[in-house]
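Data block below; observations after.
The values are calculated or read from the model by the stated rules, or taken from the named source; none is laboratory data. These numbers come from a predicted model, not from an experiment. Counting neighbours? That spans all protein chains shown, and the Cβs are built from the backbone with ideal geometry, glycine included.
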Amino acid sequence: MKKRMTTLATMAVATLALAACGGGTVEDPGIEEPADGGDTGAETETAEGGEADGDISIAIVSKGFQHQFWQAVQQGADEAAAELGVSITFEGPDDESQVDQQIQMLQTALDRGPDAIAFAALDSQAAEPLLQRADDSGIPIIAFDSGVDSDIPLTTVATDNYAAGGAAAEHMSELIGGEGKVALVVHDQTSVSGTERRDGFVDWMEENAPDVEIVDIQYGGGDHLESTDITRSIISAHSDLAGIFGSNEGSAIGVVNAINELNMAGEITVVGFDSGQAQIDAIRGGVMAGAITQNPVNMGYETVQAAVRALEGETLDEETDTGYLWYDADNIDDDEIQAAIYE
């Protein structure tokens with residue numbers, strides 16, 4: 001099965017890349033907007049039967065659709081649904097600041113009475129009443145990408161975001177020679193992924209790079225436009241800034257946009273997180289030094305697989321680690337990296 005999952009993940013990334021190249025991708029690492037790749041906030045469904053165990057339905061509520069990361073997660077979920085013979089719905093709010101909209105989507109999904117629910121929380125606490133209702137109804141909950149402050153989810157399918165944030169800090173420190181001023185543009189301070197990437201980065205610097213000073217941490221909601229404005233303000237306040245870390249796709253694109261607008265490419269070291277065409281172009285063009293990539297296709301696949309295993313009565317590990325990798329201009333074309341990044 002593991003070999004099959006790896007093959008599917010690789011095929012899914014290739015498929016996504018071809019689809020992205022077909023239209024709507026960000027053509028330039030400048031100020032253009034990243035592609036939606038689908039109807040924002042929409043719900044899609046894959047029905048694949050599930051005759052062996054009866055019709056199994058899994059409701060998946062993600063953090064959004066505006067980033068290509070979530071399109072890649074959905075690709076993996078669709079692959080798993082097709083292989084395992086289940087039906088899924090996949091939906092998310094208009095953007096990653098819309099906590100209320102996401103909670104309403106979770107409510108609607110719960111009202112449909114699915115066999116299982118997978119949930120990537122924008123706010124680690126806001127969904128607790130609905131998760132409790134699902135648990136009381138015997139509906140298994142699988143957390144993915146970000147965990148929640150609850151023991152209800154049977155597993156959390158995610159990157160080790162704290163370790164990944166530390167890896168980003170380690171590379172940043174090496175790139176700036178172990179000294180200088182650094183700032184962070186973080187996607188939020190309510191989700192586990194946001195806080196853990198931030199804390200992993202900050203803690204690594206404090207413990208291992210005493211001559212690196214973190215001068216500012218700002219939150220842009222994962223929105224590339226807001227993150228662009230924040231980055232300009234940070235650079236204006238700290239003219240001797242050595243590096244900036246963008247903690248997700250939208251944050252990193254915002255940092256790149258600001259650097260390009262200010263004609264400062266090469267003057268400030270930029271480290272990103274996730275992938276997407278804009279970051280790939282920025283790395284190939286030398287605007288961004290490198291980034292941490294998750295494996296979003298595998299995350300989507302393993303989320304659906306975990307839900308099916310739970311419905312079959314299996315005991316799941318508390319954490320399902322989907323891994324992360326560092327990529328830059330030197331290794332971006334390696335097979336391992338190409339299988340994990342998305343356009």
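Ile58: modelled with pLDDT of 50 or more, of a type in the set (A, V, I, L, M) and over 16 Å from the mean Cα position of the chain (by Cα), yes or no? Reasoning before the result, please.
Working: modelled with pLDDT of 50 or more: yes; of a type in the set (A, V, I, L, M): yes; over 16 Å from the mean Cα position of the chain (by Cα): yes.
In short, yes.
Being closer than 26 Å to Gly64 by Cα and crowded, with 22+ Cβ neighbours inside 10 Å is the filter here, so list the residues in the range 167-182 that pass it. Lay out the reasoning, then the answer.
So in the range 167-182, the residues closer than 26 Å to Gly64 by Cα come out as 167-168.
Within the range 167-182, Ala168 is the sole residue that qualifies.
So in the range 134-147, with the set limited to residues that are surrounded by 13 or more Cβ atoms within 10 Å (Cβ to Cβ) and charged (D, E, K, R), which one is farthest from Phe90 (Cα to Cα)?
Start the filter on the range 134-147 by keeping residues that are surrounded by 13 or more Cβ atoms within 10 Å (Cβ to Cβ), which leaves 134-135, 139-147.
Then drop every residue that is not charged (D, E, K, R), which leaves 135, 145.
On the way: Asp135: 20, Asp145: 14 Å.
Within the range 134-147, the match that is farthest from Phe90 (Cα to Cα) is Asp135.
How many residues does the range 213-233 contain that are buried (at least 22 other Cβ atoms within 10 Å of the Cβ) and hydrophobic (A, V, I, L, M, F, W, C)?
1
Quick one: Glu312 ticks every box in (1) surrounded by fewer than 24 Cβ atoms within 10 Å (Cβ to Cβ); (2) in contact (Cβ under 8 Å) with a residue 60 or more places away in the chain; (3) outside the structural domain of Thr155 (by TED's automatic domain parsing) bar one, so which box is it?
Failing condition for Glu312: (3).
Output the residue which, of all residues in the range 289-319 that are polar (S, T, N, Q) and modelled with pLDDT of 95 or more, is farthest from Gly166 (Cα to Cα). Before the answer, list the steps.
We begin by selecting, within the range 289-319, every residue polar (S, T, N, Q); these are 293-295, 298, 303, 305, 315.
So of that shortlist, the ones also modelled with pLDDT of 95 or more come out as 293, 303, 305, 315.
Working: Thr293: 13, Thr303: 25, Gln305: 29, Thr315: 30 Å.
Out of the qualifying residues, it is Thr315.
Can you tell me which residue is nearest to the chain's Cα centre (by Cα) among those in the range 315-343 that are loosely packed, with under 12 Cβ neighbours inside 10 Å and in contact (Cβ under 8 Å) with a residue 60 or more places away in the chain?
Taking the candidates together, the pick is Glu318.
In the set Thr315, Thr320, which member is more than 27 Å from Met205 (Cβ to Cβ) and in contact with a strand residue (DSSP E or B) (Cβ under 8 Å, 6 or more places away or on another chain)? Explain how you work it out, then say what you get.
Details: Thr315 fails: in contact with a strand residue (DSSP E or B) (Cβ under 8 Å, 6 or more places away or on another chain).
Among Thr315, Thr320, only Thr320 is more than 27 Å from Met205 (Cβ to Cβ) and in contact with a strand residue (DSSP E or B) (Cβ under 8 Å, 6 or more places away or on another chain).
Out of the range 240-263, which residues are within 22 Å of Met205 (Cβ to Cβ), touching a helix residue (DSSP H, G or I) at 6+ places or on another chain (Cβ under 6 Å) and among the polar types (S, T, N, Q)?
Ser247, Ser251
Of Gly272, Gly266, Gly254, Gly276, which residue is assigned by TED's automatic domain parsing to the domain that holds Ser173 and free of Cβ contacts under 8 Å to residues at least 24 places away in the same chain? Steps first, answer last, please.
Numbers: Gly272 fails: free of Cβ contacts under 8 Å to residues at least 24 places away in the same chain; Gly254 fails: free of Cβ contacts under 8 Å to residues at least 24 places away in the same chain; Gly276 fails: free of Cβ contacts under 8 Å to residues at least 24 places away in the same chain.
One residue alone meets the criteria, Gly266.
Please go through (1) under 30 Å from Ala310 (Cα atoms); (2) touching a residue at least 40 places away in the same chain (Cβ under 8 Å); (3) among the small types (Gly, Ala, Ser) for Ser150 and return the number of the only condition it doesn't satisfy.
Answer for Ser150: the failing condition is (2).
Considering (1) buried (at least 21 other Cβ atoms within 10 Å of the Cβ); (2) hydrophobic (A, V, I, L, M, F, W, C); (3) under 21 Å from Gly76 (Cα atoms), say which one Ala282 fails and leave the rest.
(3)
Would you point out the residue of the range 235-258, among those that are modelled with pLDDT of 95 or more and over 22 Å from Ala164 (Cβ atoms), that is surrounded by the fewest Cβ atoms within 10 Å (Cβ to Cβ)?
In this case the residue turns out to be Asp240.
Given Val182, Val215, Val148, Val157, which one is farther than 21 Å from Ala258 by Cβ and assigned to a strand (DSSP E or B)?
Details: Val182 fails: farther than 21 Å from Ala258 by Cβ; Val215 fails: farther than 21 Å from Ala258 by Cβ; Val148 fails: assigned to a strand (DSSP E or B).
Matching residue, one of Val182, Val215, Val148, Val157: Val157.
Quick one: how many residues across the range 148-159 are modelled with pLDDT of 95 or more and surrounded by fewer than 23 Cβ atoms within 10 Å (Cβ to Cβ)?
2
All but one of (1) outside any loop (DSSP other than H, G, I, E, B); (2) in contact with a helix residue (DSSP H, G or I) (Cβ under 7 Å, 6 or more places away or on another chain) hold for Gln102, so report the exception by its number.
Result: Gln102 passes all but (2).
Tell me which of these Ile280 doesn't satisfy, since it passes every other one: (1) modelled with pLDDT of 95 or more; (2) in a loop (DSSP other than H, G, I, E, B); (3) closer than 20 Å to Ser227 by Cα.
(2)
Condition check: among the β-branched types (Val, Ile, Thr) and assigned to a helix (DSSP H, G or I). Does Ile117 satisfy that? Even if it seems obvious, please write down each step before you answer.
Details: among the β-branched types (Val, Ile, Thr): yes; assigned to a helix (DSSP H, G or I): no.
No: the conditions fail for Ile117.
Out of Asp136, Asp115, Asp199, Asp111, report the one residue that is at negative phi and not assigned by TED's automatic domain parsing to the domain that holds Ile58.
Values: Asp136 fails: not assigned by TED's automatic domain parsing to the domain that holds Ile58; Asp115 fails: not assigned by TED's automatic domain parsing to the domain that holds Ile58; Asp111 fails: not assigned by TED's automatic domain parsing to the domain that holds Ile58.
From the options Asp136, Asp115, Asp199, Asp111, the qualifying one is Asp199.
Can you pull out the residues in the range 223-251 that are farther than 15 Å from Glu96 by Cα and either assigned to a helix (DSSP H, G or I) or without any contact (Cβ under 8 Å) to a residue 24 or more places away in the chain (or both)?
Result: Thr228, Asp229, Ile230, Thr231, Arg232, Ser233, Ile234, Ile235, Ser236, Ala237, Ser239.
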